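The values are calculated or read from the model by the stated rules, or taken from the named source; none is laboratory data. All of these numbers come straight from a predicted model, not from anything done at the bench. In this analysis, Cβ positions are derived from the backbone assuming ideal geometry, glycine residues included, and neighbour counts consider all displayed protein chains. Areas reflect the complete protein model, heavy atoms only, side chains present, ligands, DNA and RNA absent. Shrake-Rupley method; radii C 1.70, N 1.55, O 1.52, S 1.80 Å.
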2 protein chains.
Amino acid sequence: MILAMEISHDVVRSPAMQRGNYNKRCAIISAATAVFVRDGYVGASIDAIAEEANVSRQTIYNQIGDKEKLFVEVVRGINEHGSARLVAVLATFPDEPENIGRELVEFAIRLTRDCLCDDNSRALRKLIENEGSRYPELFETWKDYGPGKNWPAISSRFARLARAGDIDLDDPDLAARQFMALIRADLPNEPGQLVNDTELEQAARNGVRTFLRAYGKRDAALAL
Amino acid sequence: MILAMEISHDVVRSPAMQRGNYNKRCAIISAATAVFVRDGYVGASIDAIAEEANVSRQTIYNQIGDKEKLFVEVVRGINEHGSARLVAVLATFPDEPENIGRELVEFAIRLTRDCLCDDNSRALRKLIENEGSRYPELFETWKDYGPGKNWPAISSRFARLARAGDIDLDDPDLAARQFMALIRADLPNEPGQLVNDTELEQAARNGVRTFLRAYGKRDAALAL
DNA sequence: TGACTTTTGGACACTCTTGTCCAATTCGTC
DNA sequence: GACGAATTGGACAAGAGTGTCCAAAAGTCA
């Protein structure tokens, strides 16, 4: 995380941005993200990225450097955006719920839509899985951003619910992992497929119902 | 499935096999599997495959044809082996369990080890995810082999357990998906990482415990 | 041994990619 | 408008990959 923040500062203060060509840089990274995700590291060509960004190939080399630097930039971009979104969604976790079932379902919907199903998150998972062996340091950065930073946040939320007596669990970490798994379990997982709102809500409801059957007090699951 | 069986017959009766150079063909496909999995479709070079198979590059072109035919062959190979293993494991699903908790845990361990964690299965998922968009017919074949054929088999097993009164569920398909998800939830999922037996058993136990808390009769989950 | 098939390795043409160089052009700012 | 910086497009060398061709070597079977 310290590393990431340093790099982040580097970017903010880079001469490129100060001189007003920030738009081009953004266009390049955005296009590169799309192409890397579509074709993978080896399959993505600088020419394709340049075309996608409506930019000359030379500009890419001027602005960012070689292909590897471009890739690192792309992964960091997705990481930062994804992490920010997850933090935002986590903030909506029910603190003192009136109807724990309904509130967990709505939380699950937000989590699924904003952090699991959205294109960039899927893209990142794919890139990490594919290129992780080639660039181990990418995998490390991702672990720090994603699971390393965010899982504890999720499970501490569950722990708080348990202390407040809303649910009944002994291992918050395990419960958090299982909650996420149950949420995902009922989603159509074909690559590149859109999930409509009805399916999304149904999947969230199914997952939360089973979660509350296992961990909920009294008849918390019945209302779903 | 019909398509798959036809192709399968085709292979069995191919002149290549009859003439006794079956070993070379196997070596090629086996090596190609390793290389495709390691480097992806674009990243895998015919030369690398030839070297891995201890075979001249020309022999690959003689035996199989171009790169795309080789890839199709590899995917079918993994599909067939993986499907066969899954059928074998499914046959061990508890029919009239004495101790449903323990028997489900053991089933989950077999399922995880033989069908989810093993190298080829992970490899196939990765290949499908990466190249599925480029070769949609691969994805179709996979759906027929995997989820299409096997999910119903799993859920019908759960339905039978429910009819026998061992568990209490209304939607066997949903239960099957959630069972699989819970089994997976607690596995370390870093790419390429081995899972030792202790972790495997613990993960299975955790998953089954939550599953039985949600769907089990009486105190079925307590014994775990 | 001899006929036939397969395998091998090298050479080849072709395409694609990366990264660099450079002159002409455009852009931003004063 | 004028100056400096950024951008563009084209050309280039170097490397890697695919797929083909072919003659020599090795293997197979009667």
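Full extension of the segment from B:K217 to B:E68, taken as 0.36 nm per residue of separation minus the current Cα-Cα distance, would add 48.5 nm. Per residue of peptide B:177-187, the mean number of Cβ atoms on other chains within 10 Å of the residue Cβ is 6.
Mind checking B:203-210 for the average number of partner chain beta-carbons within 10 Å of each residue's beta-carbon? Spell out each step's value before the answer.
Working: counts 2, 0, 0, 5, 4, 0, 3, 12.
Partner-chain Cβ atoms within 10 Å, mean over residues of B:203-210: 3.
Measuring only protein heavy atoms, the 1.4 Å probe finds A:Y135 accessible over about 20 Å². Take the Cα of B:T92, step 7 Å toward its Cβ, do the same at B:N23, and the gap between the two points is 3.3 nm.
Taking the label point 7 Å along Cα→Cβ, B:N120 and its counterparts in the other copies are spaced 4.0 nm apart, in ascending order. Placing a pseudo-label 7 Å from each Cα along the Cα-to-Cβ vector at B:R125 and B:R160 gives an inter-label distance of 2.6 nm. Can you give the extra length, in nm with one decimal, that the chain gains between A:W151 and A:S30 once fully stretched, where that is 0.36 nm per residue apart less the Cα-Cα distance? My answer for the length gained is 40.8 nm. In segment B:68-215, the portion of solvent-accessible area held by carbon and sulfur atoms comes to 47 percent [1.4 Å probe, whole percent, DNA, RNA and ligands not counted]. Relative to the other identical copies, B:E80 shows label-point distances of 5.1 nm, where the label point lies 7 Å from Cα along the Cβ direction and values run shortest first.
Between this copy and the others, label points of B:C26 are 5.9 nm apart in ascending order, each placed 7 angstrom from Cα in the Cβ direction. In this structure, the amide hydrogen of B:I167, modeled 1.01 Å from its nitrogen in the peptide plane, lies closer than 5 angstrom to those of B:A162, counting only residues at least 5 positions away or on a different chain.
Fully extending the segment from A:D170 to A:V195 would add 5.6 nm, taking 0.36 nm per residue of separation and subtracting the current Cα-Cα distance. B:T92 contributes about 60 Å² of solvent-accessible surface, heavy atoms of the protein only, 1.4 Å probe.
Rounded to the nearest 100, the interface formed by chains A and B buries 2500 square angstrom of accessible surface, both chains summed, with a 1.4 Å probe.
What FRET efficiency comes out for A:R134 versus B:R102 if R0 is 30 angstrom and r is the Cβ-Cβ distance? Round to the nearest 0.05. Efficiency, from the Cβ-Cβ distance: 0.10.
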